[in-house]
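A.B. asks: Attaching a single structure in structure tokens format; questions to follow.
The values are calculated or read from the model by the stated rules, or taken from the named source; none is laboratory data. Predicted, not measured: the structure shown is a model, and the values here were computed from it. Reconstructed Cβ throughout: ideal geometry from the backbone, glycine too, with neighbour counts over all protein chains shown.
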Amino acid sequence: MKRIFLSLAALAFFASTAYCDDTKKLMEMIQKLSTDLKQQIEKESIERKMDKAVIMSRLSALSGGKNDAVKSVPKRKAGGNDELLVESYIERLKEGNNRFVKGKLSSKNFAKQREELAAGQQPYAIILGCSDSRVSPELMFDESLGQLFIIRDAGNVADSVTLGSIEYAAEHLHVKLLVVLGHTSCGAVKATLAGGDVPPNIGAIARRISPAADRAKAKNLDEKATALDASAENVHEQIDACSTQSAVLRDLVESNELKIIGAMYNLETGKVEFQ
Ligand SMILES: [Zn+2]
């Protein structure tokens, strides 16, 4: 940009000396040209910054913040089936969880990532998890800002509000992977197994877990095994709900634009087992 203005200045100098009669007119033309050029350069600069933010977000998603190590960046786009890409995201979650289990978390530069993400988000996975304070997806997958689109409620149930959030991420952010994440010793599942009177809003949660709890009870396992089985069944129940209660998600799954998988987090070991 600096070079362009220097050229314009030189042109103005020579023009004014060579054609004295038309100097004023010439200077006006040069002034206009200079203003137009400046506006164009500023516009392109803003566009480049926005492109860079999106690219950096993708790099960060695929490299765990170690951008230099990334040799190629798979592209996410609306439509189309890209199973390898989705598998790479699942692998990324597994690798992050391994680091979490071992206590060897990756370093994160939040200040830098905030700046990179300010122009927009492009998370690579949606997580429907439980609100339990011990079940934090960003921590268990060793992730940072902008990578996971997380919806949490007690019992990781899929109701109309959570489904709406998932639909937004899948349809508008083009996230191709949804993980329904249950966990061991889930209080919401245990409360549903126990039954009894509960306030209406908690009842709304229990009603969504009940089919899973009933299936687990029918297996006549001991109390601990029943609770664990009910949590696993609940993951399946909520995966089914995503398709049966959301036409948007059902269509995306059927057209291979969204993959839904289940997973269980172990409170004691920190390990996530993918179903
Ligand atoms: Zn829970």
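A.B. asks: Residue 112 - would you say it is more than 16 Å from the ligand (Cβ to nearest atom), within 25 Å of residue 83 (Cβ to Cβ) and not small (Gly, Ala, Ser)?
C.D. replies: Answer is no for this residue.
A.B. asks: Within the stretch 170-181, identify whether any single residue is among the acidic types (Asp, Glu) and surrounded by 15 or more Cβ atoms within 10 Å (Cβ to Cβ), and answer yes or no.
C.D. replies: Yes, some residue in the stretch 170-181 is among the acidic types (Asp, Glu) and surrounded by 15 or more Cβ atoms within 10 Å (Cβ to Cβ).
A.B. asks: Considering the stretch 194-216 alone, what residues qualify as being away from the ligand (no atom under 16 Å from the Cβ) and either of a type in the set (Ser, Thr, Tyr) or on the phi > 0 side of the Ramachandran plot (or both)?
C.D. replies: Listed by number, the residues that qualify are 195, 196.
A.B. asks: Right, another one. Need at least 3 residues that are within 13 Å of the ligand (Cβ to nearest atom) and assigned by TED's automatic domain parsing to the domain that holds residue 87 per element, so show me which strands (runs of 3 or more DSSP E) inside the stretch 118-193 make the cut, counting only ones lying wholly within it.
C.D. replies: 125-130, 177-183
A.B. asks: Please find, among 213, 194, 204, 218, the residue that is farther than 30 Å from residue 83 by Cα and in contact with a Ser or Thr (Cβ under 8 Å, 6 or more places away or on another chain).
C.D. replies: Exactly one of 213, 194, 204, 218 is farther than 30 Å from residue 83 by Cα and in contact with a Ser or Thr (Cβ under 8 Å, 6 or more places away or on another chain), namely 213.
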